[in-house]
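Heads up: the structure comes next, in structure tokens.
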Amino acid sequence: MVAAVRYETLLFDLDHTLLDSDASEIAAYAHTMAAIGLERPDDHFERYLRINHAMWAAVERGEIQPSEVRHRRFEQFVAEIGITADPMAMADEFVWGLGNFGDLYDGAREVLDQLAGQARLAMITNGLSDVQRARIERLDLARYFDVVVISSEVGVTKPRSEIFDIAFEQLGRPDKQTALMIGDSLTSDIRGGSDYDIATCWFNWRGSVAGPDAVITHEITQIGQLVEIVSTSAG
């Protein structure tokens, strides 16, 4: 049941919610493989994705820290495809690429422009500090957000409640009943928000099917639909 409340605090995920992270990742991968001179890098992209997704899943489970993903994904990648390359150098090239490639989804900036005048905005992102800070600066996002919480900077990741505690503390402890978590990930954004007893908005741009245990207050398929949800809640 959708709660009839006024949303005064909006908590945004960044990757795959505001930012086209797929495009950013594809470009960063191409840049990195060109830097090490890997032939036919497209042949190995799916392998990289599998390794990377598994490591970020481990981050969500609290098994490793985001900072470890930075280099460990390339240590495993190099070992699996059997090449001679420096994983640390690859990590540096890749992080640079993630920070410098990729744009917001169509309509995302317009949504931020509209909602920044209606509510307080915060960003809670599972990511590497140097990547996310570079993106925030390049895309001029800081002006929209009162608070930015990056998992690698605070040592805790979504869906754990501690990262929401940090954001709420920095926001001055707003009423949870007037807060809304917006994100694409059921396992980090939606679970994290629901476990923290705040409303959630699932940005289901992939057209996925949620499991029976997902606690979703709102579901949207286009980021612009968020404006109507917030505006309607304001009465």
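No value in this document is a laboratory result; all are computed from the given coordinates. Just so it is clear, the model here is predicted, and its values are computed rather than measured. We place every Cβ from the backbone using ideal geometry, glycine too, and count neighbours over all the protein chains shown.
Go through the range 95-134 and report how many residues are surrounded by 19 or more Cβ atoms within 10 Å (Cβ to Cβ) and part of a helix (DSSP H, G or I).
Final tally of qualifying residues: 10.
Filter the range 104-148 down to the residues that are among the acidic types (D, E) and within 20 Å of G224 (Cα to Cα) and list them by number. I'd like the intermediate steps shown before the answer.
Filtering the range 104-148 down to residues among the acidic types (D, E) leaves 106, 110, 113, 130, 137, 140, 146.
Passing the criteria: D106, E110, D113, D140.
Go through (1) in contact with a strand residue (DSSP E or B) (Cβ under 8 Å, 6 or more places away or on another chain); (2) at negative phi one by one and return the number of the condition G102 breaks.
Single failed check for G102: (2).
Residue by residue through the range 224-235, note down the ones that are outside any loop (DSSP other than H, G, I, E, B), closer than 24 Å to D20 by Cβ and not acidic (D, E). Walk me through it before giving the result.
Here is the first cut: in the range 224-235, the residues outside any loop (DSSP other than H, G, I, E, B) are 225-233.
Then keep just the ones that are closer than 24 Å to D20 by Cβ; that gives 225-230.
Q225, L226, V227, I229, V230 - these are the residues of the range 224-235 that are outside any loop (DSSP other than H, G, I, E, B), closer than 24 Å to D20 by Cβ and not acidic (D, E).
Of all residues in the range 1-46, which are part of a loop (DSSP other than H, G, I, E, B) and within 14 Å of the chain's Cα centre (by Cα)?
First, pick out the residues of the range 1-46 that are part of a loop (DSSP other than H, G, I, E, B): 1-8, 13-14, 16-18, 20, 37-40.
Once the filter is applied, which keeps residues that are part of a loop (DSSP other than H, G, I, E, B) and within 14 Å of the chain's Cα centre (by Cα), the range 1-46 yields D13, L14, H16, T17, L18, D20.
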